[in-house]
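Notes to accompany the following structure.
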Amino acid sequence: MAQYDVIIIGSGPGGYVCAIRCAQLGLKTACVEGRDTLGGTCLNVGCIPSKALLHASHQLHEAQHNFARMGLIGDAPSVDWSRMLDYKRDAIEANTKGIEFLFKKNKVDWLKGWASIPAAGKVRVGDETHDAKHVVIASGSESAPVPGADVTVDEEVVVSSTGALELSEIPRTMAVIGGGVIGLELGSVYTRLGTDVTVIEYLDGITPGQDAEVAKQFQKLLKKQGLSFVTGAAVSKVERTDDGATVHYAMRKDDAAKTLDVDVVLVATGRRPNTDGLGLDALGVSLTNRGQIAVDDHYKTSVEGVYAIGDVIEGPMLAHKAEDEGMAIAEILAGQAGHVNYGVIPGVIYTHPEVASVGITQEQAEEAGTKIKIGKFSFMGNGRAKANFAADGFVKLIADAETDRILGCHVIGPMAGDLIHEVCVAMEFGAAAEDLARTCHAHPTYSEAMREAALDCGDGAIHA
Ligand code: NAI
């Protein structure tokens with residue numbers, strides 16, 4: 001068996017990025033993956049396929065609602081679901097094959113199969129045991145069951161996000177349990193395709209942790225698009241029926257018991273670390289009380305030579321957070337100073353409009369007693385957004401009241417997921433709102449709304 005410097009378990013965004021970076025830094029590297037294709041949840045059954053369906057269904061929405069307003073006359077296209085699924089599969093294949101190409105280019109060995117760690121420095125894949133100086137666990141996460149409820153996912157009628165990306169037909173009705181990122185992205189897809197979607201959320205509002213003003217506006221816009229919401233409701237049971245399923249839930253304010261009959265139920269109440277089959281117990285790797293692998297600041301587990309990154313450790317379950325950790329641990333193993341700035345990790349919801357945020361929210365600042373100023377700008381004042389029927393939403397920039405240093409930004413609006421990065425860069429450089437306000441922004445772009453919010457932290461926005 002080959003002696004490796006590093007073996008990485010899992011080829012999702014954390015694992016494959018780590019593998020490529022390790023190889024680039026001169027380490028002899030292998031990556032273990034048991035799926036038929038590389039890329040993990042993100043590329044196979046997560047980010048990429050859901051974004052393909054969001055893109056296709058958004059084009060349909062544009063044809064149905066905005067084409068005629070622009071003088072584009074004709075029947076809106078009808079949906080051929082099986083061809084849409086083919087398009088989605090092509091998008092997955094192009095991306096997973098891309099990683100395979102990158103592995104070959106960088107001389108990363110793909111060890112095919114499911115890995116376990118019989119001892120520090122050893123990785124077992126099938127009948128073979130490989131030696132490695134360092135082992136990095138990047139085994140990701142899986143859908144979590146609905147807490148305290150009797151719900152069995154069968155991936156046909158009661159589906160996780162994985163099943164929701166492969167439904168045999170577009171359902172007439174759908175209940176989404178959980179008003180978080182997955183529920184709203186996939187709920188949007190099916191609403192646009194004509195499904196009557198009801199989101200049932202335990203809390204009183206959607207997207208917990210999001211800036212409250214953004215979350216409120218977001219829910220309002222999604223309602224306008226046709227999604228229905230039942231908030232403050234705890235799902236207790238889902239029962240299969242002859243033609244679908246019945247969702248049982250109780251309103252939290254008065255315990256009133258309710259039911260909803262639907263064709264399909266999407267369970268989207270969070271994900272949990274995937275550590276099954278790795279042999280962590282026998283190896284003596286410590287877990288947190290939430291079942292995550294416990295690591296120190298350098299991603300070291302309690303066992304010498306074994307490290308962990310991505311969804312299996314604490315922190316937001318985001319592909320790009322895992323990627324950053326993948327690069328950081330590679331640099332650490334190569335003797336460099338790998339580092340992730342957890343204060344500047346953007347979060348994006350790829351609905352239409354998109355929702356993006358970075359740094360602290362107004363609520364977090366108030367809770368911490370930090371004196372802040374807020375610069376706000378509506379996309380109604382942005383020429384490009386108005387021309388493109390994309391003027392719903394706003395930018396909210398949060399800066400320190402005394403120093404003007406940018407502490408956070410929350411955007412709901414067109415291309416929010418791309419716009420947020422100028423604030424990420426600004427925050428990495430410790431910029432003040434004035435720095436952003438004094439930076440020339442091309443006209444006409446959506447980005448001008450970011451600058452206007454920064455101007456609003458000072459003497460005022462121009463187009464407000
Ligand atoms: P989530 O944690 O974002 O949302 C789950 C929601 O379910 C919460 O609002 C919670 O209050 C609610 N809930 C829990 N129990 C309930 C019950 N019994 N009845 C009704 N509602 C209940 O989880 P989600 O959407 O499943 O996403 C999982 C992870 O995947 C997240 O960490 C998310 O950040 C990540 N992800 C990120 C994406 C992105 O960055 N665009 C896309 C998809 C997933």
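Any chance you could count how many residues in the stretch 242-288 are among the hydrophobic types (A, V, I, L, M, F, W, C), part of a strand (DSSP E or B) and farther than 30 Å from K122 by Cβ?
Final tally of qualifying residues: 11.
If you scan the stretch 124-166, which residues turn out to be exposed (fewer than 13 other Cβ atoms within 10 Å of the Cβ), acidic (D, E) and within 12 Å of the ligand (Cβ to nearest atom)?
D150
Suppose we keep only residues that are over 28 Å from G180 (Cβ atoms) and touching a residue at least 60 places away in the same chain (Cβ under 8 Å) within the stretch 302-326. Which one would you say is nearest to the ligand (Cβ to nearest atom)?
Y307
Quick check on the stretch 369-384. Is at least one of its residues at positive phi, small (G, A, S) and in the same structural domain as S447 (by TED's automatic domain parsing)?
Yes: one or more hits.
Could you check the stretch 35-61 and list, in sequence order, the residues that are within 13 Å of the ligand (Cβ to nearest atom) and over 14 Å from G98 (Cα atoms)?
Across the stretch 35-61, the qualifying residues are T41, V45, G46, C47, P49, S50, K51, L53, L54.
Among the residues of the stretch 200-218, are any over 30 Å from V395 (Cβ atoms), buried (at least 19 other Cβ atoms within 10 Å of the Cβ) and at pLDDT 95 or above?
Within the stretch 200-218, one or more residues are over 30 Å from V395 (Cβ atoms), buried (at least 19 other Cβ atoms within 10 Å of the Cβ) and at pLDDT 95 or above.
If you check G183, G244, which single one turns out to be more than 15 Å from the ligand (Cβ to nearest atom), of a type in the set (G, A, S) and modelled with pLDDT of 95 or more?
G244
Kindly list, by first and then second residue, each pair from a residue in the stretch 34-56 that is not assigned by TED's automatic domain parsing to the domain that holds G183 to a residue that is more than 13 Å from the ligand (Cβ to nearest atom) and among the acidic types (D, E), limited to pairs with Cβ atoms under 7 Å and residues at least 6 apart or on different chains.
Here the result reads L38/E100, each pair linking the stretch 34-56 to a residue that is more than 13 Å from the ligand (Cβ to nearest atom) and among the acidic types (D, E).
Filter the stretch 337-362 down to the residues that are within 20 Å of D392 (Cβ to Cβ) and out of contact with any Gly (no Cβ under 6 Å at 6 or more places or on another chain), then identify the one that is farthest from the ligand (Cβ to nearest atom). I'd like the intermediate steps shown before the answer.
Step one: filter the stretch 337-362 for residues within 20 Å of D392 (Cβ to Cβ), giving 347-357.
If we keep only those that are out of contact with any Gly (no Cβ under 6 Å at 6 or more places or on another chain) too, we end up with 347, 349-352, 355.
Working: G347: 6, I349: 5, Y350: 5, T351: 9, H352: 13, V355: 9 Å.
Within the stretch 337-362, the match that is farthest from the ligand (Cβ to nearest atom) is H352.
Tell me, please, whether a residue that is touching a residue at least 12 places away in the same chain (Cβ under 8 Å), surrounded by 19 or more Cβ atoms within 10 Å (Cβ to Cβ), assigned to a loop (DSSP other than H, G, I, E, B) and not small (G, A, S) can be found in the stretch 333-347.
Among the residues of the stretch 333-347, at least one is touching a residue at least 12 places away in the same chain (Cβ under 8 Å), surrounded by 19 or more Cβ atoms within 10 Å (Cβ to Cβ), assigned to a loop (DSSP other than H, G, I, E, B) and not small (G, A, S), which makes the answer yes.
Would you mind telling me which numbered condition in (1) more than 16 Å from the ligand (Cβ to nearest atom); (2) in a strand (DSSP E or B) M174 fails?
Unmet for M174, out of (1) more than 16 Å from the ligand (Cβ to nearest atom); (2) in a strand (DSSP E or B): (1).
Return the total of residues in the stretch 385-403 being surrounded by fewer than 18 Cβ atoms within 10 Å (Cβ to Cβ) and touching a residue at least 40 places away in the same chain (Cβ under 8 Å).
Residues that pass the stated criteria total 2.
Scan the stretch 104-123 for residues that are within 18 Å of C22 (Cβ to Cβ) and surrounded by fewer than 14 Cβ atoms within 10 Å (Cβ to Cβ) and report the count.
Of the residues in that region, 3 qualify.
For the condition in contact (Cβ under 8 Å) with a residue 12 or more places away in the chain, touching a helix residue (DSSP H, G or I) at 6+ places or on another chain (Cβ under 6 Å) and either within 25 Å of V355 (Cα to Cα) or of a type outside the set (D, E) (or both), what is the one hit in T152, T162, T173, T195?
That would be T162, the only listed residue that is in contact (Cβ under 8 Å) with a residue 12 or more places away in the chain, touching a helix residue (DSSP H, G or I) at 6+ places or on another chain (Cβ under 6 Å) and either within 25 Å of V355 (Cα to Cα) or of a type outside the set (D, E) (or both).
Does A464 fit the bill of being part of a helix (DSSP H, G or I) and either assigned by TED's automatic domain parsing to the domain that holds Q59 or touching a residue at least 40 places away in the same chain (Cβ under 8 Å) (or both)?
no
Conditions first: (1) without any contact (Cβ under 8 Å) to a residue 60 or more places away in the chain; (2) within 16 Å of the ligand (Cβ to nearest atom). I73 passes all but one, so which condition is the exception?
(2)
So A250 passes all but one of these: (1) surrounded by fewer than 14 Cβ atoms within 10 Å (Cβ to Cβ); (2) within 16 Å of the ligand (Cβ to nearest atom); (3) small (G, A, S); (4) over 25 Å from the mean Cα position of the chain (by Cα). Which condition number does it fail?
(1)
If you scan the stretch 167-185, which residues turn out to be closer than 20 Å to A56 by Cβ and either surrounded by fewer than 24 Cβ atoms within 10 Å (Cβ to Cβ) or not hydrophobic (A, V, I, L, M, F, W, C) (or both)?
Residues satisfying the conditions are L167, S168, E169, I170, P171, R172, V181, I182, G183, E185.
When the residues of the stretch 404-436 are narrowed to those that are surrounded by 23 or more Cβ atoms within 10 Å (Cβ to Cβ) and among the small types (G, A, S), which ends up farthest from the chain's Cα centre (by Cα)?
A433
Does G194 qualify as being at positive phi, surrounded by fewer than 20 Cβ atoms within 10 Å (Cβ to Cβ), within 11 Å of the ligand (Cβ to nearest atom) and assigned to a loop (DSSP other than H, G, I, E, B)?
Taking the combined requirement at face value, the residue does not satisfy it.
Mind checking which residues of the stretch 198-225 are more than 9 Å from the ligand (Cβ to nearest atom), among the hydrophobic types (A, V, I, L, M, F, W, C) and without any contact (Cβ under 8 Å) to a residue 40 or more places away in the chain?
Residue satisfying the conditions is A215 alone.
The values are calculated or read from the model by the stated rules, or taken from the named source; none is laboratory data. Here the structure is a predicted model, which means the values were calculated and not measured. Cβ atoms come from the backbone with ideal geometry, glycine included; neighbour counts cover every protein chain shown.
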